[in-house]
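Reading through the C-alpha coordinates given below for one structure.
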Amino acid sequence: MKMTQLPIRSSGRGAPEPAGTRARILDAADRALAGTGYRHMRIEDLARAAGIAKGTVYLSFPSKQEIALACIDRMAGRVLERMRALAAGSGPPADRLARMLVERVLVRFDYAREHSASVDEILGAIRPALLERRAAHFRSESRVLAEVLHQARGMSGPAARETAHAMVLATNALLPYSLGVREMARRAEIARRARRVADLIVRGALAQEPASARGTKGTA
(Lines give C-alpha, C1' and ligand atoms only; values in the text may rest on other atoms or scores of the structure.)
Protein backbone atom coordinates (compact mmCIF):
# COMPACT_ATOMS: atom_id res chain seq x y z
CA MET A 1 0.00 0.00 0.00
CA LYS A 2 1.42 3.31 -1.05
CA MET A 3 1.42 5.98 1.64
CA THR A 4 0.79 9.62 0.75
CA GLN A 5 3.23 11.90 2.48
CA LEU A 6 1.92 15.22 3.70
CA PRO A 7 3.97 18.30 2.79
CA ILE A 8 5.79 19.68 5.79
CA ARG A 9 7.35 22.98 6.66
CA SER A 10 9.79 23.87 9.35
CA SER A 11 8.44 25.77 12.32
CA GLY A 12 11.87 27.29 12.96
CA ARG A 13 11.97 25.62 16.38
CA GLY A 14 13.52 22.29 15.43
CA ALA A 15 10.44 20.27 14.48
CA PRO A 16 8.64 20.24 11.14
CA GLU A 17 4.92 20.87 11.02
CA PRO A 18 2.35 19.65 8.46
CA ALA A 19 1.45 22.21 5.82
CA GLY A 20 -1.79 23.93 6.74
CA THR A 21 -1.37 23.66 10.53
CA ARG A 22 -0.19 27.26 10.81
CA ALA A 23 -3.09 28.48 8.67
CA ARG A 24 -5.63 26.59 10.83
CA ILE A 25 -4.19 28.14 13.96
CA LEU A 26 -4.40 31.63 12.45
CA ASP A 27 -7.95 30.99 11.21
CA ALA A 28 -8.92 29.99 14.74
CA ALA A 29 -7.13 33.03 16.16
CA ASP A 30 -8.89 35.40 13.79
CA ARG A 31 -12.24 33.96 14.88
CA ALA A 32 -11.28 34.30 18.53
CA LEU A 33 -10.07 37.87 18.12
CA ALA A 34 -13.33 38.77 16.38
CA GLY A 35 -15.36 37.05 19.07
CA THR A 36 -13.93 36.86 22.59
CA GLY A 37 -11.07 39.32 21.96
CA TYR A 38 -7.34 39.17 22.56
CA ARG A 39 -7.49 39.09 26.36
CA HIS A 40 -9.72 36.01 26.46
CA MET A 41 -8.07 34.18 23.56
CA ARG A 42 -6.53 30.99 24.97
CA ILE A 43 -4.01 28.68 23.36
CA GLU A 44 -5.98 25.57 24.35
CA ASP A 45 -9.08 26.96 22.66
CA LEU A 46 -7.15 27.69 19.48
CA ALA A 47 -5.72 24.18 19.51
CA ARG A 48 -9.19 22.68 19.92
CA ALA A 49 -10.62 24.81 17.11
CA ALA A 50 -7.71 23.90 14.82
CA GLY A 51 -8.02 20.21 15.64
CA ILE A 52 -4.51 19.88 17.05
CA ALA A 53 -2.78 19.40 20.38
CA LYS A 54 -1.93 22.44 22.49
CA GLY A 55 1.77 21.63 22.21
CA THR A 56 1.52 21.75 18.41
CA VAL A 57 0.49 25.39 18.61
CA TYR A 58 3.73 26.16 20.43
CA LEU A 59 5.70 24.44 17.66
CA SER A 60 4.48 27.21 15.37
CA PHE A 61 4.19 30.18 17.73
CA PRO A 62 6.03 30.85 20.99
CA SER A 63 3.29 33.02 22.49
CA LYS A 64 -0.20 34.43 22.13
CA GLN A 65 1.30 37.75 21.07
CA GLU A 66 3.11 36.09 18.18
CA ILE A 67 -0.13 34.51 17.04
CA ALA A 68 -1.88 37.90 16.97
CA LEU A 69 1.07 39.44 15.12
CA ALA A 70 1.05 36.59 12.62
CA CYS A 71 -2.64 37.22 11.95
CA ILE A 72 -1.80 40.82 11.10
CA ASP A 73 1.21 39.72 9.02
CA ARG A 74 -1.07 37.42 7.04
CA MET A 75 -3.53 40.23 6.38
CA ALA A 76 -0.67 42.51 5.30
CA GLY A 77 0.52 39.74 2.98
CA ARG A 78 -2.89 39.77 1.32
CA VAL A 79 -2.63 43.53 0.89
CA LEU A 80 0.73 43.09 -0.81
CA GLU A 81 -0.58 40.31 -3.07
CA ARG A 82 -3.46 42.53 -4.20
CA MET A 83 -1.13 45.45 -4.85
CA ARG A 84 1.22 43.26 -6.87
CA ALA A 85 -1.66 41.91 -8.92
CA LEU A 86 -2.87 45.44 -9.67
CA ALA A 87 0.67 46.58 -10.48
CA ALA A 88 1.02 43.78 -13.03
CA GLY A 89 -2.42 44.38 -14.51
CA SER A 90 -3.50 46.33 -17.55
CA GLY A 91 -4.45 49.96 -17.78
CA PRO A 92 -2.61 53.27 -17.44
CA PRO A 93 -0.07 53.48 -14.61
CA ALA A 94 -2.05 56.28 -12.98
CA ASP A 95 -5.12 54.09 -12.69
CA ARG A 96 -3.11 51.16 -11.34
CA LEU A 97 -1.40 53.34 -8.74
CA ALA A 98 -4.72 54.78 -7.55
CA ARG A 99 -6.29 51.33 -7.30
CA MET A 100 -3.27 50.05 -5.36
CA LEU A 101 -3.56 52.87 -2.83
CA VAL A 102 -7.29 52.33 -2.38
CA GLU A 103 -6.81 48.60 -1.99
CA ARG A 104 -4.21 48.95 0.78
CA VAL A 105 -6.77 50.99 2.70
CA LEU A 106 -9.86 48.84 2.13
CA VAL A 107 -8.32 45.41 2.74
CA ARG A 108 -7.12 46.65 6.13
CA PHE A 109 -10.46 48.34 6.79
CA ASP A 110 -12.43 45.15 6.13
CA TYR A 111 -10.11 43.11 8.34
CA ALA A 112 -10.29 45.60 11.19
CA ARG A 113 -14.06 45.86 10.97
CA GLU A 114 -14.34 42.11 11.54
CA HIS A 115 -12.34 42.64 14.76
CA SER A 116 -13.83 45.99 15.71
CA ALA A 117 -14.81 44.84 19.20
CA SER A 118 -11.19 44.08 20.12
CA VAL A 119 -9.07 46.39 17.93
CA ASP A 120 -8.11 48.72 20.79
CA GLU A 121 -7.38 45.76 23.06
CA ILE A 122 -5.16 44.12 20.42
CA LEU A 123 -3.27 47.34 19.74
CA GLY A 124 -2.72 47.96 23.42
CA ALA A 125 -1.34 44.47 23.98
CA ILE A 126 1.04 44.22 21.03
CA ARG A 127 1.72 47.83 20.03
CA PRO A 128 5.57 47.92 20.26
CA ALA A 129 6.03 44.76 18.21
CA LEU A 130 3.22 45.75 15.85
CA LEU A 131 4.82 49.11 15.06
CA GLU A 132 7.99 47.34 13.95
CA ARG A 133 6.08 44.86 11.80
CA ARG A 134 3.92 47.60 10.35
CA ALA A 135 6.98 49.57 9.23
CA ALA A 136 8.20 46.49 7.35
CA HIS A 137 4.78 46.06 5.73
CA PHE A 138 4.80 49.67 4.57
CA ARG A 139 8.30 49.33 3.09
CA SER A 140 7.18 46.34 1.04
CA GLU A 141 4.14 48.23 -0.24
CA SER A 142 6.30 51.23 -1.11
CA ARG A 143 8.57 49.04 -3.23
CA VAL A 144 5.63 47.81 -5.32
CA LEU A 145 4.39 51.37 -5.83
CA ALA A 146 7.90 52.48 -6.77
CA GLU A 147 8.06 49.91 -9.56
CA VAL A 148 4.94 51.35 -11.18
CA LEU A 149 6.20 54.91 -10.70
CA HIS A 150 9.38 53.96 -12.50
CA GLN A 151 7.35 52.54 -15.38
CA ALA A 152 5.11 55.59 -15.52
CA ARG A 153 7.64 58.40 -15.28
CA GLY A 154 11.05 56.85 -15.59
CA MET A 155 11.83 57.93 -12.04
CA SER A 156 15.20 56.91 -10.71
CA GLY A 157 15.24 54.31 -7.95
CA PRO A 158 15.69 56.76 -5.04
CA ALA A 159 13.12 59.24 -6.40
CA ALA A 160 10.57 56.50 -7.02
CA ARG A 161 11.06 55.05 -3.54
CA GLU A 162 10.77 58.47 -1.91
CA THR A 163 7.58 59.28 -3.82
CA ALA A 164 6.12 55.84 -3.08
CA HIS A 165 6.88 56.28 0.62
CA ALA A 166 5.07 59.63 0.59
CA MET A 167 2.06 57.96 -1.06
CA VAL A 168 1.95 55.35 1.70
CA LEU A 169 2.19 57.96 4.45
CA ALA A 170 -0.55 60.06 2.87
CA THR A 171 -3.02 57.17 2.68
CA ASN A 172 -2.13 55.92 6.17
CA ALA A 173 -4.46 58.61 7.49
CA LEU A 174 -7.33 56.41 6.26
CA LEU A 175 -6.14 53.19 7.87
CA PRO A 176 -8.29 51.76 10.69
CA TYR A 177 -6.09 52.84 13.59
CA SER A 178 -6.57 56.46 12.45
CA LEU A 179 -10.37 56.21 12.24
CA GLY A 180 -13.04 56.73 14.85
CA VAL A 181 -15.83 54.32 15.78
CA ARG A 182 -18.37 56.07 13.55
CA GLU A 183 -16.01 56.06 10.58
CA MET A 184 -15.44 52.32 10.99
CA ALA A 185 -19.16 51.84 10.37
CA ARG A 186 -19.08 53.76 7.08
CA ARG A 187 -17.20 51.67 4.53
CA ALA A 188 -18.71 53.39 1.49
CA GLU A 189 -17.62 56.78 2.79
CA ILE A 190 -14.09 55.53 3.53
CA ALA A 191 -13.90 54.02 0.03
CA ARG A 192 -14.92 57.34 -1.53
CA ARG A 193 -12.40 59.23 0.56
CA ALA A 194 -9.68 56.73 -0.30
CA ARG A 195 -10.38 57.08 -4.04
CA ARG A 196 -10.40 60.88 -3.80
CA VAL A 197 -7.13 61.00 -1.84
CA ALA A 198 -5.49 58.41 -4.09
CA ASP A 199 -6.42 60.34 -7.24
CA LEU A 200 -4.97 63.56 -5.82
CA ILE A 201 -1.77 61.86 -4.70
CA VAL A 202 -1.22 60.09 -8.01
CA ARG A 203 -1.89 63.21 -10.08
CA GLY A 204 0.62 65.13 -8.00
CA ALA A 205 3.23 62.39 -8.22
CA LEU A 206 2.92 61.95 -11.97
CA ALA A 207 2.99 65.71 -12.56
CA GLN A 208 6.58 65.72 -11.34
CA GLU A 209 9.11 66.22 -14.07
CA PRO A 210 10.90 62.94 -14.92
CA ALA A 211 14.51 62.70 -13.80
CA SER A 212 15.60 62.12 -17.40
CA ALA A 213 14.03 65.42 -18.48
CA ARG A 214 15.69 67.30 -15.63
CA GLY A 215 19.02 65.82 -16.60
CA THR A 216 18.54 66.91 -20.20
CA LYS A 217 17.77 70.47 -19.15
CA GLY A 218 20.82 70.56 -16.95
CA THR A 219 23.08 69.72 -19.88
CA ALA A 220 21.42 72.01 -22.41
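Observations, loosely collected:
- Search result, residues across the stretch 179-195 that are assigned to a helix (DSSP H, G or I) and surrounded by 13 or more Cβ atoms within 10 Å (Cβ to Cβ): GLU183, MET184, ARG187, ILE190, ALA191, ARG193, ALA194, ARG195
- Taken together, ILE67, ILE25 contain a single residue that is over 17 Å from the mean Cα position of the chain (by Cα) and either surrounded by fewer than 20 Cβ atoms within 10 Å (Cβ to Cβ) or assigned to a helix (DSSP H, G or I) (or both), which is ILE25.
- Among residues of the stretch 32-64, those that are among the basic types (Lys, Arg), within 19 Å of ARG127 (Cβ to Cβ) and in a loop (DSSP other than H, G, I, E, B), counted: 1
- As for the stretch 83-100, it holds at least one residue that is surrounded by fewer than 16 Cβ atoms within 10 Å (Cβ to Cβ), closer than 18 Å to ALA170 by Cα and free of Cβ contacts under 8 Å to residues at least 12 places away in the same chain.
- For ALA164, the requirement of being within 16 Å of ARG104 (Cα to Cα), crowded, with 18+ Cβ neighbours inside 10 Å and without any contact (Cβ under 8 Å) to a residue 24 or more places away in the chain is met.
- Check on ALA164, over 19 Å from ALA76 (Cβ atoms) and at pLDDT 95 or above: no
The values are calculated or read from the model by the stated rules, or taken from the named source; none is laboratory data. Given the structure is predicted, the values throughout are model-derived calculations rather than measurements. Reconstructed Cβ throughout: ideal geometry from the backbone, glycine too, with neighbour counts over all protein chains shown.
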